[in-house]
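Here the structure comes first, spelled out in structure tokens, and everything after it is commentary.
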Amino acid sequence: MRGHNLPGWTICDIREEALNHEITALLKPFALRTDWTDAILTRVNEEKKQAAQSVLQLAAQKRAEIDKINARLQWLLDSFLDELIDRETFTAEKAKWMSRKKTLEEQTAHLTAGRADWLEPFKE
């Protein structure tokens, strides 16, 4: 280590390996035992699998609901074209169902995008 003196300061050149070794030695008493770490990582992997399965089930339910809404929208259009309902009713119902469909699509996208992100910090 070489020291450079500036007024009120001492700056040292420290090798990264030496610093890493010293920090590791200081933190070693606080580290988890290896068998505990292995057990925790095993549990995290199990949780990740379960979370992925839950997300897939939820996404499938939302897609099924979207399919029902699509059928409802088609029925609504057919009813309007067959003059069974007026334009005002058609427009109001269509807006309601399209809003619900958009919400479900966003929820599905959000679910599949961040499946088990909350578990990732455990691996570090």
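Each reported figure results from applying straightforward, stated rules to the coordinates on display, with no laboratory input. All figures in this text were calculated on a predicted structure; none of them were measured in a lab. Here the Cβ positions follow ideal geometry from the backbone for every residue, glycine too, while neighbour counts run over all protein chains shown.
A few remarks follow.
- Here the average projected area of the convex hull drawn through the C-alpha atoms of region 25-70 stands at 4.6 nm².
- Amide proton proximity set for residue 85, modelled H, under 5 Å, gap of 5+: 80
- Simple label model, 7 Å out from Cα along Cβ direction - residue 35 to residue 72, nm: 5.7
- Cα-based radius of gyration for region 33-123, normalised by 2.2 N^0.38 Å, reads 1.73.
- Take every Cα pair under 8 Å whose residues are at least 6 apart in sequence, average their separation, divide by the length of region 33-123, and the relative contact order is 48 percent.
- Nearest-20 debye value, region 33-123 charge dipole, Cβ charges on Lys, Arg, Asp, Glu: 280
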